[in-house]
1. Output the qualifying pairs, or none if there are none: Cβ atoms under 9 angstrom, residues six or more apart or on different chains, first residue in the range 154-183 and in contact (Cβ under 8 Å) with a residue 40 or more places away in the chain and of a type in the set (V, I, T), second residue surrounded by 12 or more Cβ atoms within 10 Å (Cβ to Cβ) and not in a helix (DSSP H, G or I).
2. Taking the criterion of being hydroxyl-bearing (S, T, Y) and in a helix (DSSP H, G or I), would at least one residue in the range 236-255 satisfy it?
3. Can you pull out the residues in the range 141-159 that are surrounded by 11 or more Cβ atoms within 10 Å (Cβ to Cβ) and either acidic (D, E) or in a helix (DSSP H, G or I) (or both)?
4. Against the conditions (1) at pLDDT 95 or above; (2) more than 19 Å from A212 (Cβ to Cβ); (3) among the hydrophobic types (A, V, I, L, M, F, W, C), where does L113 fall short? Just the number, please.
5. If I ask for residues that are more than 22 Å from L107 (Cβ to Cβ) and in contact (Cβ under 8 Å) with a residue 12 or more places away in the chain, which ones from the range 197-219 would you list?
6. Given the condition touching a Phe, Trp or Tyr at 6+ places or on another chain (Cβ under 6 Å) and in contact (Cβ under 8 Å) with a residue 24 or more places away in the chain, answer yes or no: does some residue in the range 61-69 qualify?
7. Check V36, V71, V40 and return the single one that is surrounded by fewer than 19 Cβ atoms within 10 Å (Cβ to Cβ), in a helix (DSSP H, G or I), β-branched (V, I, T) and at pLDDT below 90.
Amino acid sequence: MEVASQLFAILAPVFLLSGIGYYWARSGRPFDSEMVMMIVTNLATPCLIFSTLSRLTVSPAAFGELAMAAVLCGLGFATIGLIALRILKLPAHSYLPALMFPNTGNLGLPLCLFAFGEAGLALGIAVFTVNSVAQFTLGAALASGEWSFKRLLHTPIVYALVAGLAFMLSGIRAPDWLYNTTSLMGGVAIPLMVTALGVSLAQLKVNRLPRALGLSLLRLVGGFTVGLLVAWALKLDGAARGVMIIQAAMPTAVFNYLFALRFKREPADVAGMVVITTLMVFALLPFLLLFVLPKT
């Protein structure tokens, strides 16, 4: 009963908020997904990153270790994706981003928070930040077919990371007015992320089911395997191990669909991957959490 209660406390907020988003969209109520994602990406999430880093609840070494683990996972995802796409004779610029970049934000961050508390959120942000910077640079370059350094300069998450790291590494305490403001704004990031995820599930459709299903299985099985191997190789334990495996096993990020739609890179197939991987992760979350939570 204690384990079931712990799992319910972690899963209920994610299921309820995403369910609200799903119902909201299916009932025909207006929801400006573009505006919400702009707020989350350009304002709320940078504030969440800054406020968390400026008063970090884990050591800088632990944060850096998770960031390095995220880089290694990204390389692992890319290797598996390139090999599989070469075998399947599918274009990398259309499908590799969907295999490389999991949903470490909308779904990963709340799970890390509810499973491991503030320390889990801080470690989850390390993975999310690396993933986000890579997605808005390398992911966008893969989808568009050209590299643009300007995208990095126009990514607010990068500036929030630099500012937060400056306070963290210097040991200087962020002014209360600045911390309170960014903490208040950052507090809306996770609820909006999860609600927007539910809206996306209601709006996206699955086409070419066999292909989408096969690539979805590759994302989830490959992600979990890579996360487990990286955690083992770096000898991660406790919250660090759990956060790494959770983030690596997340479904295809919605932003992959937005890039595919913008640059006309098989958006219907990528949408199918977003839907299928998310539903599969929802079904498998209890088992994933049982695997990573500390045994009592």
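1. Sorted first by the residue in the range 154-183, then by its partner, the pairs are T182/A174.
2. Within the range 236-255, none of the residues are hydroxyl-bearing (S, T, Y) and in a helix (DSSP H, G or I).
3. Those that are surrounded by 11 or more Cβ atoms within 10 Å (Cβ to Cβ) and either acidic (D, E) or in a helix (DSSP H, G or I) (or both): A141, L142, A143, S144, R151, L152, P156, I157, V158, Y159.
4. L113 satisfies all of (1) at pLDDT 95 or above; (2) more than 19 Å from A212 (Cβ to Cβ); (3) among the hydrophobic types (A, V, I, L, M, F, W, C) except (1).
5. Filtering the range 197-219 for residues more than 22 Å from L107 (Cβ to Cβ) gives 207-211.
Answer for the range 197-219, where residues must be more than 22 Å from L107 (Cβ to Cβ) and in contact (Cβ under 8 Å) with a residue 12 or more places away in the chain: N207, R208, L209, R211.
6. If we filter the range 61-69 for residues that are touching a Phe, Trp or Tyr at 6+ places or on another chain (Cβ under 6 Å), which is where we start, we get none.
No, the conditions are met nowhere in the range 61-69.
7. None of the other options fit; the residue is V36.
Let's see how each residue does on (1) at pLDDT below 90; (2) in contact with a His (Cβ under 7 Å, 6 or more places away or on another chain); (3) surrounded by fewer than 16 Cβ atoms within 10 Å (Cβ to Cβ):
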residue	(1), (2), (3)
L161	yes, no, no
G164	no, no, no
S170	yes, no, yes
A174	no, no, no
M185	no, no, no
V188	no, no, no
G198	no, no, no
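The values are calculated or read from the model by the stated rules, or taken from the named source; none is laboratory data. Nothing here was measured: the structure is a model prediction, and the numbers come from that model. Glycine gets a Cβ as well: all are built from the backbone with ideal geometry, and neighbour counts include every protein chain shown.
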